[in-house]
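To keep things clear, I will list the structure first and then write my remarks on it.
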Amino acid sequence: MSRAQTSSPVRMLVALARPYRRSLALLLLVSVVVVALQLAGPRLVAVGIDAAVRPASRGDYWPLAEIALALLAAGALTWVLTVVSRRGIGRVGEAVTYDLRCKVDGEFARLPIAYHERWSTGLIISRLTADVDTVSDLFANVLSGLLTSTLMCLGVVAAMLLLDPIVAGVVIASILPALVLTTWRVRRMAPTRIAERDAIAQVTADAVEPLGAVAVVQSLGTEPWHAHEFGRSSERLQKISRRIVATMSTYYGTIEAATQLAGIVALTVGALRVMSGSLPLGALAAFILYVGMLFGGLRSTSFVLDSMLTAFAAARKIADFLDGEQSVPESSDPIAPPLPLRGEVRLCAVSFGYQEGSREVADLDLVLRPGEVAAMLGSTGAGKSTIAKLIARFYDPTSGRVLLDGIDLKDLAEVDLRSMVVLLTQEMFLFSGTIADNIRLSRPDATDQEVTVAATAVGAHPFIAALPEGYATHVHQRGTRLSAGQRQLIAFARAFLADPAVVILDEATASLDIPTERTLHQALRTLLSGRTALIIAHRLSSLDITDRVLVIEGGRIIDDDTPARLLAKGAGAFAALYRDAHGQPRGTEDPAGTWMPL
Ligand SMILES: Nc1ncnc2c1ncn2[C@@H]1O[C@H](COP(=O)(O)OP(=O)(O)OP(=O)(O)O)[C@@H](O)[C@H]1O
């Protein structure tokens with residue numbers, strides 16, 4: 001299921017069903033046979049009453065036995081076919097659930113960062129679980145149910161018309177109010193079902209959000225606030241559910257009354273026809289049975305229509321979610337980067353705003369020469385991370401171009417771009433799995449030896465080897481079994497193994513002890529050696545490995561020089577930052593501009 005295929009819920013559903021169209025067609029055929037067998041029941045009863053009762057009263061039981069056998073055979077066949085079709089449809093439903101979940105999950109992971117920044121994890125989980133299950137139910141139950149119940153209604157109408165058009169006409173007229181009521185209910189329910197999907201997603205979001213930051217929640221004591229938020233969204237869902245239940249109860253109650261009414265009409269008109277000799281008694285009995293079947297079919301049609309509405313609402317939500325963001329569309333005709341890569345990064349008159357009208361980066365021109373290590377400094381909100389995200393193509397510029405070795409990032413295949421540019425974020429995220437798994441994430445085909453070489457290069461090997469299970473040590477969720485410094489070393493080893501031409505590093509803000517900082521600096525030196533690098537520096541001490549410092553303010557470069565020269569200038573944003581970092585009063589900077597290397 002490509003993004004293009006998901007542009008409407010219907011198209012998405014058709015794409016999902018396509019691989020199973022043969023099984024579905026076969027199963028639907030079986031359903032048709034089941035309906036035909038069920039319709040045959042009242043007809044056989046009619047024949048039994050009209051043609052078998054009298055011979056039986058004369059001692060000839062054979063016609064009655066024949067009818068009984070035919071009813072038995074129809075019942076047995078209905079049972080077998082129902083079991084077969086239910087099982088088959090259940091299997092298709094399971095297969096579709098599996099496909100949809102894998103595809104949706106894969107699509108979510110590939111969605112641009114803009115998307116993940118906008119939508120909460122809880123909302124995404126809701127799409128992946130509740131909505132996917134609802135859509136799958138469409139295949140598992142709803143489609144076959146809709147077909148069976150619609151066929152049942154049409155079949156009953158046809159059978160009644162064949163039996164006696166006059167009684168049939170009166171019965172059909174008596175069900176018209178029920179039909180109008182069904183249409184009203186389905187229409188009324190459509191927006192409610194969509195609101196229900198949103199409410200379910202919000203409940204999931206409110207439940208998941210605090211779980212992702214349990215330590216923060218507990219340390220700040222914000223449990224009551226989260227409980228209040230969760231209570232509010234649950235209440236909203238409850239109100240919607242109550243509305244649904246109220247509509248359904250009124251509907252089903254009215255349909256029950258309409259069934260009784262139609263039964264009375266069929267009995268009265270049918271009896272008059274029997275008395276006038278225009279309708280056999282058996283046919284009247286068949287009519288009464290058909291009225292029951294007709295309303296049963298109507299009730300099920302209404303029920304499955306409601307499930308269908310729910311499934312469509314869920315499908316719309318999934319389709320909207322997948323289609324909503326195209327902020328970094330992949331080129332249909334990507335350019336293969338020339339090898340070996342040089343790693344030159346060039347931003348030409350780049351402007352960018354997260355929202356329409358905003359400009360977080362303004363007319364930025366920047367060239368990072370191959371192998372150069374530059375640091376970005378600037379106050380909070382200055383635009384450093386935004387520039388980094390533009391170079392990693394998490395966003396495309398509003399205007400201007402970002403080039404890598406002369407090629408516009410928009411013209412590179414995503415897989416090439418990701419292997420050429422690695423962005424190391426502050427989180428240094430580790431996933432559940434072993435240390436080796438986590439290092440190998442950047443190159444799944446790397447051998448154990450290559451993993452060890454990468455870990456050794458960045459200085460992670462000693463601490464890994466000292467663990468009882470070494471590289472096979474399970475890091476648990478988000479690497480909580482490891483220290484912050486150890487997590488960073490593993491992330492560095494992962495980047496080293498990927499061997500990118502360009503590294504962008506958003507340095508962790510959390511302060512580490514001096515020996516750990518020293519180890520990390522050494523690791524960073526190794527990692528960045530021979531690569532172009534841009535560091536969002538939060539510690540001035542990091543600048544001893546940089547060739548150049550870019551001071552960013554308001555999305556612009558306001559200073560660009562070597563660290564030593566910038567400091568020597570004395571004034572300016574960089575010197576101010578230096579003073580802030582070292583607590584020195586103005587004018588006491590080291591005039592030589594020397595650093596305080598670790
Ligand atoms: N996803 C986003 N959506 C909307 N605005 C954003 C988004 N991310 C950042 N911004 C805004 O863009 C501006 C620049 O943010 P950016 O994260 O680039 O700053 P920064 O220099 O990296 O700050 P810090 O040092 O605090 O990380 C800020 O005003 C910020 O509020």
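The values are calculated or read from the model by the stated rules, or taken from the named source; none is laboratory data. The shown structure was predicted, so the numbers you read here are calculated from the model rather than taken from an experiment. Note that each Cβ is placed from the backbone with ideal geometry, even for glycine, and that neighbours are counted across all protein chains shown.
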Which condition number in (1) under 25 Å from L179 (Cβ atoms); (2) surrounded by fewer than 18 Cβ atoms within 10 Å (Cβ to Cβ) is the one that L309 fails? (2)
If I ask for residues that are of a type in the set (G, A, S) and outside any strand (DSSP E or B), which ones from region 516-558 would you list? A523, S529, G530, A537, S541, S542, G554, G555
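So if I check each of L390, L404, which one is at pLDDT 90 or above and within 16 Å of the ligand (Cβ to nearest atom)? Steps first, answer last, please.
Numbers: L404 fails: within 16 Å of the ligand (Cβ to nearest atom).
So the residue among L390, L404 that is at pLDDT 90 or above and within 16 Å of the ligand (Cβ to nearest atom) is L390.
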What residue, among those in region 356-387 that are closer than 28 Å to P340 by Cα and of a type in the set (D, E), is farthest from the ligand (Cβ to nearest atom)? E372
What about V422, is it away from the ligand (no atom under 12 Å from the Cβ), within 24 Å of the chain's Cα centre (by Cα), modelled with pLDDT under 90 and not in a loop (DSSP other than H, G, I, E, B)? no
Considering region 227-282 alone, what residues qualify as being surrounded by 12 or more Cβ atoms within 10 Å (Cβ to Cβ) and outside any helix (DSSP H, G or I)? S278, L279, P280
Members of region 333-355 that are closer than 24 Å to D561 by Cβ, more than 16 Å from the ligand (Cβ to nearest atom) and within 37 Å of the chain's Cα centre (by Cα): G343, E344, V345, R346, C348, A349
Condition set modelled with pLDDT under 85 and among the small types (G, A, S), scope region 86-121, selection surrounded by the fewest Cβ atoms within 10 Å (Cβ to Cβ): answer is A109
Considering only region 325-332, I want to know if a residue exists there that is assigned by TED's automatic domain parsing to the domain that holds D499, of a type in the set (A, V, I, L, M) and within 16 Å of the ligand (Cβ to nearest atom). no
Could you tell me whether L27 is in contact (Cβ under 8 Å) with a residue 60 or more places away in the chain and of a type in the set (A, V, I, L, M, F, W, C)? yes
For region 426-439, check the following and say yes or no: at least one residue is in the same structural domain as Q488 (by TED's automatic domain parsing) and under 30 Å from S332 (Cβ atoms). no
Return the pair list, or none, for Cβ contacts closer than 8 Å from residues in region 357-369 that are farther than 19 Å from V503 by Cα and in contact (Cβ under 8 Å) with a residue 12 or more places away in the chain to residues that are among the aromatic types (F, W, Y) and within 11 Å of the ligand (Cβ to nearest atom), at least 6 apart or on different chains. R359/F352; E360/F352; E360/Y354; V361/F352
For region 440-461, give me each residue that is closer than 15 Å to A523 by Cβ, part of a loop (DSSP other than H, G, I, E, B) and among the aliphatic types (A, V, I, L, M). V458, A460
Filter result (in contact with a helix residue (DSSP H, G or I) (Cβ under 6 Å, 6 or more places away or on another chain) and hydroxyl-bearing (S, T, Y)) within region 207-238: S233, S234
Exactly one of these conditions fails for A349: (1) modelled with pLDDT of 85 or more; (2) under 30 Å from G555 (Cβ atoms); (3) outside the structural domain of A392 (by TED's automatic domain parsing). Give me its number. (3)
Options V214, V186, V156: the member that is in contact with a Pro (Cβ under 9 Å, 6 or more places away or on another chain) and assigned by TED's automatic domain parsing to the domain that holds V33: V156
Residue check, V171 assigned by TED's automatic domain parsing to the domain that holds L37, assigned to a helix (DSSP H, G or I) and crowded, with 16+ Cβ neighbours inside 10 Å: yes
